Amino acid sequence: MHETLQAKAYRAIRERLLTGVDPQGTRISDFVLSKTLGISRAPIREAMNRLISERLLVQKAGLGVFVPRPTREEIENLYQVREWLEIGALETVVSQLDLQSLQLMEESCATIRSMAKDLEEADACLERGTSFPRLSEADSQFHLTIMRATGNKLLLDLMQSNRVLEQVWDISVRTYSAKVVHRICDEHEEILAAIKNRDPEQSRQSLSNHLRIGRDITLRYYDQKLLQD
């Protein structure tokens, strides 16, 4: 199927936002994007309007369109929504996750553990923009497997949109030590063990703790970044 110019523009601009080509606070010009992407301004504007509706861009009256800078409250709200979505999904499927889903979650844990060991051996940290996408993909596979198991496409779409906002809002910690990556894996394995035991309460508690630890670390990073700016 032939990709429309609007779809091509949307995909290209969204990729720029996800990869940080256009960081927070950047003014987005349809004229500049038209020249850069080689696409006429009309489909560029349509794509920008779609991204505004998804909160990946923001329209400021009299000033133009910008990559948003989230407030602390917005970040807290984002994590609250994520917790509601994930825990609700887990409570629905914890007793019925099939073998294939469990294997996908195990593979995710194995990938993250392998990355932690590699960092440990190299005495290095994982930097955003290098091999970070591998960690992000493994983490997404773990969490989205739970969402997919519900069979609810709207729920899955909401969760994926939530994770995209996290990336575009650029609220993640920029470096991950081996210790931090090991901790992420430990928490994932604890959640998975509770699911395998078909223990709804422990599954819920482990997932809630994992998400709240991530939220607290992110908010500390946000506060530090605010002081530096």
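Checking every residue in the stretch 157-177 against the condition of being over 28 Å from residue 225 (Cβ atoms), touching a Lys or Arg at 6+ places or on another chain (Cβ under 8 Å) and among the aliphatic types (A, V, I, L, M) gives zero matches. All told, residue 110 falls short of being outside any helix (DSSP H, G or I), among the aliphatic types (A, V, I, L, M) and surrounded by fewer than 16 Cβ atoms within 10 Å (Cβ to Cβ). Of the residues making up the stretch 158-178, not a single one is in a helix (DSSP H, G or I), charged (D, E, K, R) and at pLDDT 90 or above. Can you tell me which of 83, 91 is within 16 Å of the chain's Cα centre (by Cα), assigned by TED's automatic domain parsing to the domain that holds residue 218 and surrounded by 12 or more Cβ atoms within 10 Å (Cβ to Cβ)? Matching residue, one of 83, 91: 83. Cβ-Cβ distances below 8 Å connect the following pairs, each with a first residue in the stretch 118-134 that is in a loop (DSSP other than H, G, I, E, B), a second residue that is basic (Lys, Arg) and modelled with pLDDT under 85, and a separation of six or more residues or different chains: 128/174. Taking the stretch 1-90 as the region of interest, the helices (runs of 4 or more DSSP H) fully inside it that hold 1 or more residues being within 30 Å of residue 208 (Cβ to Cβ) and of a type in the set (A, V, I, L, M, F, W, C) are 5-18.
The values are calculated or read from the model by the stated rules, or taken from the named source; none is laboratory data. These figures come from a predicted structure and were not determined experimentally. Cβ: placed from backbone, ideal geometry, glycine included. Neighbour counts: every protein chain shown.
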